[in-house]
Amino acid sequence: MMMPSISNRNHHQQHLPFRRDVSLHAYIRPNLQSIAEQRYHQPAYQNVRWIDPSVPTSSSTSTISSKNDSEDATTMMTVPIYPIPAVYLPIGNHTLNNVEPRNLQMALDLNVSSNTPPLFCVTLMAADTGKIATTGTLLRVTDMEAAYDPLLGDDGDGNKVIRRITVYCQSEGVVDICGIDNPEAACRKQRLMRSSEYLKGPVRIRQQERFATTNGEKLQNEDILNQMSTDFRLLKTMYELGIWAHEMPPNALVNLAKALPDDLIVEKDSNDSTNIWQAAQVWQSLCLTIQAGRQQLLNSDRNELMVEAATKNGGPLKLPIHLEDLDLPARRRVQELETKAEQDFLQLQLDPVLDFLALLSLDSPETQLKWLGEMVARERRRMEQAALEYTTSGSLDEELDDTIELQEQERTPQKGAWFDDDLW
């Protein structure tokens with residue numbers, strides 16, 4: 001199986017302050033359909049819809065109604081459907097590492113198919129139900145790289161066995177998934193057999209809309225943009241001061257503040273909807289970073305609890321420690337720890353997945369701007385409350401002292417070859 005290459009690779013991809021592919025365990029899981037359903041009372045979530053990819057769909061049960069056949073002819077297409085446990089925004093470049101047989105086959109098919117554009121749709125898959133969101137992001141493949149497995153040799157026909165294909169993509173916009181053409185590819189038997197058949201289905205491309213141009217609505221949008229900028233700058237200052245730092249790994253909030261841009265809104269043009277996705281990209285990165293920090297704390301507490309439980313069994317400590325090797329009370333304590341960590345994170349209302357699925361699902365730039373502004377304002381209110389609590393309890397002075405001490409340690413050059421980066 002030959003691996004052709006696409007020539008126009010974009011090596012100058014946009015670098016976010018935080019990476020999406022942070023290695024997270026499955027304990028803090030915001031990609032749950034049950035959580036989305038609990039939020040349906042919020043206006044932003046009322047457009048969020050799900051379909052079971054293993055259930056056949058027909059024109060009568062399509063998730064998207066058709067009003068104009070001529071419009072469908074120009075905006076409808078059939079593309080591979082790529083379910084993932086995340087939400088990709090319709091801006092910038094994205095990278096996907098494919099190791100599953102169905103994803104490898106999709107990448108190969110997109111690479112050799114010269115008659116059709118190399119397009120596919122990424123959409124969120126719920127971890128609790130296996131259903132997929134009906135709103136996704138259309139990606140265009142710009143390049144791909146294959147990694148081969150030297151231990152497996154070739155496939156018997158003289159072709160190297162592919163271990164991984166890295167696909168580099170550019171966002172093309174938001175799409176609505178109208179159905180699944182091959183639901184059998186999502187059935188349990190195919191998943192257990194690790195089948196190479198991937199999902200395909202018709203999608204409708206959403207036309208990029210501009211903001212309303214009436215004076216009243218324009219002024220309202222400008223007010224939201226200005227408030228978002230004010231809230232964001234205030235948040236960055238509170239992060240720099242180390243407020244709420246005790247709920248994150250050491251110095252994590254200070255480093256987060258350093259990585260954040262000075263302003264969430266690059267250009268305050270109330271008529272340009274691109275501002276929404278640029279700001280949403282920064283905000284999603286912030287949410288992912290805080291999720292990673294909370295996950296790091298959970299992993300530390302979990303490991304400490306498991307080591308303590310394992311040492312009580314006596315004898316030499318066997319690493320790694322598996323949960324099933326612990327007694328029932330210890331396993332229950334670990335599960336309670338994981339459940340509490342997940343609930344505590346959700347209470348922060350910094351969801352990097354479902355809130356952004358809701359943002360994608362909204363059908364006008366005005367409603368998207370309002371929802372993004374509410375997400376930022378929500379965190380500003382939470383941090384203001386945290387600052388008030390720390391001020392009244394005296395914890396703020398202690399955290400400021402710790403933050404200043406850590407900053408001074410960073411500015412102090414370390415001595416000795418061990419700390420000389422130029423020698424490594």
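Among residues belonging to the range 152-197 that are over 28 Å from Leu360 (Cβ atoms) and aliphatic (A, V, I, L, M), point out the one that is modelled with the lowest pLDDT. Looking at residues that are over 28 Å from Leu360 (Cβ atoms) and aliphatic (A, V, I, L, M), I get Leu152. When restricted to residues that are buried (at least 16 other Cβ atoms within 10 Å of the Cβ) and charged (D, E, K, R), the range 343-352 contains 1.
Condition check ((1) of a type in the set (Asp, Glu); (2) assigned to a helix (DSSP H, G or I); (3) crowded, with 16+ Cβ neighbours inside 10 Å) across all residues:
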position: Ser300; (1), (2), (3): no, yes, no
position: Ala309; (1), (2), (3): no, yes, yes
position: Asp355; (1), (2), (3): yes, yes, yes
position: Leu360; (1), (2), (3): no, yes, yes
position: Gln368; (1), (2), (3): no, yes, yes
position: Met375; (1), (2), (3): no, yes, yes
position: Glu379; (1), (2), (3): yes, yes, yes
position: Gln385; (1), (2), (3): no, yes, no
position: Thr392; (1), (2), (3): no, yes, no
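Restricted to the range 193-224, and to residues that are open to solvent by less than 70 Å² (accessible area, probe 1.4 Å) and assigned to a loop (DSSP other than H, G, I, E, B), which residue is farthest from Ala133 (Cα to Cα)? Here the residue is Ala212.
Is the range 179-192 home to any residue that is open to solvent by less than 70 Å² (accessible area, probe 1.4 Å), assigned to a loop (DSSP other than H, G, I, E, B) and of a type in the set (A, V, I, L, M, F, W, C)? The answer is yes, given that some residue of the range 179-192 is open to solvent by less than 70 Å² (accessible area, probe 1.4 Å), assigned to a loop (DSSP other than H, G, I, E, B) and of a type in the set (A, V, I, L, M, F, W, C). Condition test on Glu267, is it assigned to a helix (DSSP H, G or I) and among the acidic types (Asp, Glu)? When the stated conditions are applied, Glu267 does not pass them.
Restricting Val122, Val79, Val87 to those that are open to solvent by less than 20 Å² (accessible area, probe 1.4 Å), free of Cβ contacts under 8 Å to residues at least 60 places away in the same chain and either assigned to a helix (DSSP H, G or I) or hydrophobic (A, V, I, L, M, F, W, C) (or both) reduces the list to Val122. Annotation: of all residues in the range 36-59 being touching a residue at least 40 places away in the same chain (Cβ under 8 Å) and among the aromatic types (Phe, Trp, Tyr), the one that is farthest from Ile81 (Cα to Cα) is Tyr45.
The values are calculated or read from the model by the stated rules, or taken from the named source; none is laboratory data. Quick caveat: nothing in here was measured; it's all calculated off a predicted structure. When we count neighbours, we look across all protein chains shown, and the Cβ atoms used for this are built from the backbone with ideal geometry, even at glycine. The area values use the complete protein model at the heavy-atom level, side chains included, leaving out ligands, DNA and RNA. Shrake-Rupley method; radii C 1.70, N 1.55, O 1.52, S 1.80 Å.
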